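The values are calculated or read from the model by the stated rules, or taken from the named source; none is laboratory data. In this text the structure is predicted, and so the values were computed from the model without any measurement. As a convention, Cβ positions derive from the backbone with ideal geometry for all residues, glycine included, and neighbour counts pool all protein chains shown.
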Amino acid sequence: MLQTLRAPIYLPRANTDPVSSPHAALAVFSLALRRPLCEEVLVLMLDNQLRGVGLMSFDAVASFTNNVNHAIGLCSSVLNASSLSICTVEPHLLGRDNDSKYLEMTQDLCRHAGLKLIDWLVVTRGAVINIRAVS
C-alpha cells in the first residue's frame, strides 16, 4: 500500500493552509517518507493556526523517549511552532501494547515544552495507525 502512496490531490501549503486533520498530516508526511520504508520519525511543526511551519525527519535509532525529546528540542528552536504532529515509521508492525503509555508521556513532554501534540501517526507496511492525541 505505502509503496505506491502518492501525494494527494489536496496538500496543505506551508505557512498558508491549516493541517487540521490526520488525513492532512498524512498528506504532508507522505512527501517525506523514505522508500523503502525504514525506521524514522517525522515531525510536522505547526503554528497557533495549525499551519505547517517546518517538517523534519530523523532516523529512529534511539529509544522512543529520546526520539520525542529530540523532536521537541528541534521544535522549540522554531519561534512560531506551537504544536506538532508526529509520524513514526515502523516497517514491520510492532506490538501496540505501549501506545497509551507512550502517548501520555509524549503529551506530557510536549506540555512541559509549551507545545501541543495534535496527532501521532504510525506508518507500517500496509497500514497507517492513528494513535489518538488529546487536543
Restricting to the stretch 95-104, and then to whatever is of a type outside the set (D, E) and free of Cβ contacts under 8 Å to residues at least 24 places away in the same chain, can you tell me which residue is surrounded by the fewest Cβ atoms within 10 Å (Cβ to Cβ)? G95
Of (1) in contact (Cβ under 8 Å) with a residue 40 or more places away in the chain; (2) within 21 Å of G52 (Cβ to Cβ), E90 satisfies all except one. Which? (2)
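Within the stretch 39-46, is there a residue that is assigned to a loop (DSSP other than H, G, I, E, B), at pLDDT 95 or above, crowded, with 18+ Cβ neighbours inside 10 Å and in contact with a strand residue (DSSP E or B) (Cβ under 9 Å, 6 or more places away or on another chain)?
Looking only at the stretch 39-46, we keep the residues that are assigned to a loop (DSSP other than H, G, I, E, B), and these are 39.
Of the ones still in play, those that are also at pLDDT 95 or above are none.
Checked against the condition, which is being assigned to a loop (DSSP other than H, G, I, E, B), at pLDDT 95 or above, crowded, with 18+ Cβ neighbours inside 10 Å and in contact with a strand residue (DSSP E or B) (Cβ under 9 Å, 6 or more places away or on another chain), the stretch 39-46 yields no hits at all.
So, in the stretch 61-88, how many residues would count as being under 18 Å from Y102 (Cα atoms), surrounded by 18 or more Cβ atoms within 10 Å (Cβ to Cβ) and not polar (S, T, N, Q)?
Keep residues of the stretch 61-88 that are under 18 Å from Y102 (Cα atoms), which gives 61-73, 83-88.
Of the ones still in play, those that are also surrounded by 18 or more Cβ atoms within 10 Å (Cβ to Cβ) are 67-68, 71-72, 83-88.
Next, only the ones that are not polar (S, T, N, Q) stay: 68, 71-72, 84, 86-87.
Within the stretch 61-88, residues that are under 18 Å from Y102 (Cα atoms), surrounded by 18 or more Cβ atoms within 10 Å (Cβ to Cβ) and not polar (S, T, N, Q) number 6.
Is at least one residue of the stretch 74-86 touching a residue at least 60 places away in the same chain (Cβ under 8 Å), under 15 Å from the mean Cα position of the chain (by Cα) and not in a strand (DSSP E or B)? Before the answer, list the steps.
The initial filter retains those residues of the stretch 74-86 that are touching a residue at least 60 places away in the same chain (Cβ under 8 Å), namely 85.
Remaining after also requiring under 15 Å from the mean Cα position of the chain (by Cα): 85.
Imposing the further condition that a residue be not in a strand (DSSP E or B) reduces the set to none.
Checked the stretch 74-86: no residue is touching a residue at least 60 places away in the same chain (Cβ under 8 Å), under 15 Å from the mean Cα position of the chain (by Cα) and not in a strand (DSSP E or B).
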